[in-house]
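Only one structure is covered here, and it is reproduced in the block below.
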Amino acid sequence: MSTLTPLRRPPRLAPGARVAVVAPSGPIPEDRLAAGLDVLRGWGLDPVTAPHVLDRHGALGYLAGADADRAADLQNAWCDPAVDAVICARGGYGAQRMVDALDWEAMRAAGPKVLVGFSDITALHEAFAVRLDLVTLHGPMAAGADFVKSARAQEHLRATLFDPESVRTLRTDRSGGTALVPGRARGVTLGGCLSLIAGGIGTPHTRDSARGGLLCLEDVGEETYRLDRYLTQLLRAGLLDGVAGLVLGSWAECDPYDEVRTLLVDRLGGLGVPVAEQFGFGHCEDALTLPFGVAAELDADAGTLTLDEPALS
């Protein structure tokens, strides 16, 4: 079983860069999309929206339009040489339904560029790592309520896109976070939404091992027994065999954190690797932008994740 290695870093953005906003998953509130586009324009970017970004599936209202249209929007944006980055509008559900429809050869030929998103976009983070060998950004999305209302989330994403050297060290929220398991570890970052990682096991365009990785996990709105199910699935599938360390983000709208923490200790404490908790990424206020595919050092005691190189070249 191979050990994870760093992925290719796409170029950073500069003022005037064109970014395409797509909806690979759930439907988009038009007012929040407009607010998010205003933020991007305020950074000196040139945001453009995909043709189907405001669609809603006729029969399945939790999808932002038909699978084929969502896939076409993403692929066309990625393959457009005038587009420098693709920012997802929101998560929800739907990326798994369209990821197999993408022409990965065409997208690889288009060259490296930035992908931003989280939650359901976890399915794309994995696919872009497997098929494009590309660093992606687990960060706030253009029409996310957490993004349009949070100056801190906006600033951390902006810095990551334009000045990635300035955010090479990410720090946990020390007001609530401690080391679930103390220690230091080195590895390559990967991960995302726990339920999506568990749901991707055994499917195309996903990895079956986090060996040599710093696995970053978070989730939202899950009861503790369901989190137990996902973590147990990762353990039983061998995905955690050889993992170097774990970085745990937010568990918003889950059961009280003391209960969740008891489960995390039970399922992850025996791995014998450092585990940092409450790291401030995911479905939380002021969420950090976390690059996947970059070599880094985790210091669980200090609550820091230090990248070997800036997230973008």
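List of remarks:
- Sites R56 and D241, calculated FRET efficiency, Cβ-Cβ separation with R0 41 Å, nearest 0.05: 0.50
- Average projection, convex hull of the Cα set of the range 86-155: 4.7 square nanometres.
- Only alpha carbons enter this Debye calculation for the range 1-100, each as an equal point scatterer, and the log10 of I(q)/I(0) it gives at q = 0.12, 0.17 Å⁻¹ is -0.43, -0.79.
- A 1.4 Å probe run over the range 1-96, with the rest of the protein chains in place, finds 44 Å² accessible per residue.
- Note on M107: accessible area is roughly 0 Å² with a 1.4 Å probe, heavy atoms of protein only.
- Of the solvent-accessible surface of the chain, computed with a 1.4 Å probe over protein heavy atoms with every protein chain present, carbon and sulfur atoms account for 47 percent.
- Area of E309 that stays accessible when all protein chains are in place (1.4 Å probe, Å², to 10): 90 Å²
- Separation in nanometres of the label points that stand 7 Å from Cα toward Cβ, at T232 and D308: 3.7 nm
- Averaging 1/r over each pair of different alpha-carbon atoms in the chain and inverting the result gives 19.1 Å, the Kirkwood hydrodynamic radius.
- Computed magnitude of the charge dipole of the chain (debye, nearest 20; Cβ of K, R +1, Cβ of D, E -1): 560 debye
- Here the range 45-134 is described by how far its Cα atoms reach on the three principal axes: 36, 29, 21 Å, from widest to narrowest.
- Over the chain, relative contact order from alpha-carbon pairs under 8 Å, at least 6 apart, %: 22 percent
- Share, in percent, of DSSP beta bridges within the chain that are antiparallel, nearest 5: 40 percent
- Considering every alpha-carbon pair of the range 210-269, the percent of pairs per 10 Å bin, from zero through the bin containing the longest distance, is 22, 57, 20, 0.
- Mean accessible surface per residue for the range 169-235, computed with a 1.4 Å probe while every protein chain stays in place, in Å²: 40 Å²
The values are calculated or read from the model by the stated rules, or taken from the named source; none is laboratory data. Since we're looking at a predicted model, the values are computed, not measured. Because the Cβ atoms are built from the backbone with ideal geometry, glycine has one as well, and the counts that use them run over all protein chains shown. SASA here: full protein model, heavy atoms, side chains in, ligands and nucleic acids out. Shrake-Rupley method; radii C 1.70, N 1.55, O 1.52, S 1.80 Å.
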